[in-house]
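Comments concern the structure below.
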Amino acid sequence: MSSKEGSGGFRKRKHDNFPHGQRKDEKNNVNSSSSLMVSFKSFQLELDTRHDKYERLVKLSRDITIESKRTIFLLHRITSDPNGEEILNESEAKLEAVRQKIKQVAQELIGEDMYQFHRAISPGLQEYVEAVSFQYFIKTRSLISVKEINKQLIFTMEDKEEETNTPSSNPHDKQLCTWSLKVTPVDYLLGVADLTGELMRMCINSVGNGDIDTPFELSQFLRQIYDGFSYIGNTGPYEVSKKLYTLKQSLAKVENACYTLKVRGSEIPKHMLADVFSTKAEMIDREEGLS
């Protein structure tokens with residue numbers, strides 16, 4: 001048995017040579033008012049504040065994602081509902097509620113570097129871009145720009161100044177508080193890439209409802225988006241190049257639908273064509289895990 005081991009065969013630790021009471025006295029003798037302890041307490045407070053803010057932003061991002069998804073599901077009804085204008089108005093109200101959540105995010109980030117908290121809010125912003133661009137496409141049949149999206153995310157609030165008893169003060173003076181949240185180019189590209197999946201579902205649903213013209217229009221639009229992403233290629237961020245494969249799949253499904261309509265459309269009766277594409281839409285949704 002080595003000299004480092006006790007009688008029971010267990011190895012002694014170095015601090016076992018010191019009495020337990022002596023170690024306890026050393027902890028009690030730490031001066032809490034020293035400059036070193038004050039500095040570490042301020043570091044602790046700063047880190048706790050930052051972590052709490054990060055968690056609040058994560059919760060807000062989840063709320064933005066959920067409401068944006070609900071808006072997208074609502075907009076998909078426009079292919080089968082004759083009251084399209086009513087659906088667009090309802091979707092605008094839902095998006096306005098989402099912007100109020102984004103307003104809370106902007107308030108949380110006042111005086112902060114947004115990129116330090118970007119990972120917390122990025123999923124929600126991508127889903128919001130997807131919902132806004134989907135609504136914009138239904139209205140205008142074109143793609144919304146990141147500049148137009150950021151214009152909608154500028155928030156102002158009237159802040160009444162405190163009235164004073166001086167005769168020169170004007171009680172109606174108001175000060176406008178303005179703050180904004182900018183969607184980054186990467187979040188915009190990722191949102192547009194996700195938009196292509198919704199356009200693919202819109203194409204299949206349109207054919208299922210007897211609309212023969214929309215698939216060809218969507219095919220040309222998706223081809224333009226795919227060409228734009230192809231210019232980026234592997235030179236852009238990793239997330240963008242990763243979405244390129246999914247975008248290509250969505251384009252292929254739309255082109256296959258257009259091929260079926262063009263080549264075999266005259267062979268299949270319209271009512272059977274609707275059944276074929278409705279079944280195809282269910283299969284696609286099952287593949288995507290939505291059914």
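A count restricted to region 227-256 and to residues that are closer than 29 Å to Gly208 by Cβ and either of a type in the set (A, V, I, L, M, F, W, C) or outside the structural domain of Met200 (by the TED database) (or both) stands at 6. Taking region 118-144 as the region of interest, how many residues are out of contact with any helix residue (DSSP H, G or I) (no Cβ under 8 Å at 6 or more places or on another chain) and buried (at least 20 other Cβ atoms within 10 Å of the Cβ)? Qualifying residue count for the region: 0.
Restricting attention to region 102-117, which residues are open to solvent by 60 Å² or more (accessible area, probe 1.4 Å) and in contact with a helix residue (DSSP H, G or I) (Cβ under 9 Å, 6 or more places away or on another chain)? Passing the criteria: Gln104, Glu112, Gln116. The C-beta contact set for region 239-256 (first residue exposed (fewer than 15 other Cβ atoms within 10 Å of the Cβ), second residue assigned to a helix (DSSP H, G or I), distance under 6 angstrom, 6+ apart or interchain) comprises Glu239/Leu190; Ser241/Asn234.
Residues considered: Glu85, Glu55. Of these, the only one that is among the charged types (D, E, K, R) and over 27 Å from Val105 (Cβ atoms) is Glu85. Kindly evaluate Ala281 against the criterion of being at pLDDT 65 or above and more than 24 Å from the chain's Cα centre (by Cα). Here the answer is no, as Ala281 does not meet what is asked. Scanning region 239-268 for residues being under 20 Å from Ile78 (Cα atoms) and at pLDDT below 85 gives a total of 1.
In region 221-238, the qualifying residues are those that are among the hydrophobic types (A, V, I, L, M, F, W, C) and modelled with pLDDT of 85 or more, and the one that is surrounded by the fewest Cβ atoms within 10 Å (Cβ to Cβ) is Ile225. Screening Asp213, Asp187, Asp194 for residues that are exposed (fewer than 11 other Cβ atoms within 10 Å of the Cβ) and modelled with pLDDT of 70 or more leaves exactly one candidate, Asp213.
Set side by side, the residues Glu67, Glu92 differ, and just one is of a type in the set (Asp, Glu) and surrounded by 14 or more Cβ atoms within 10 Å (Cβ to Cβ), which is Glu67.
Tally time: how many residues in region 72-131 are among the charged types (D, E, K, R), more than 24 Å from Ala193 (Cα to Cα) and assigned to a helix (DSSP H, G or I)? Give the steps one after another, and end with the answer.
Of the residues in region 72-131, the ones among the charged types (D, E, K, R) are 77, 81, 85-86, 90, 92, 94, 96, 99, 101, 103, 108, 112-113, 119, 127, 130.
Among the residues that remain, those that are also more than 24 Å from Ala193 (Cα to Cα) are: 81, 85-86, 90, 103, 108, 112-113.
Next, from what is left, pick out any that are assigned to a helix (DSSP H, G or I): 85-86, 90, 103, 108.
So the answer is 5.
The values are calculated or read from the model by the stated rules, or taken from the named source; none is laboratory data. Just so it is clear, the structure is predicted and the values come from calculations on it, not from any experiment. Glycine also receives a Cβ, built like all others from the backbone with ideal geometry; neighbour counts cover every protein chain displayed. To get the accessible areas, we keep the full protein, side chains included, count just its heavy atoms, and leave off ligands, DNA and RNA. Shrake-Rupley method; radii C 1.70, N 1.55, O 1.52, S 1.80 Å.
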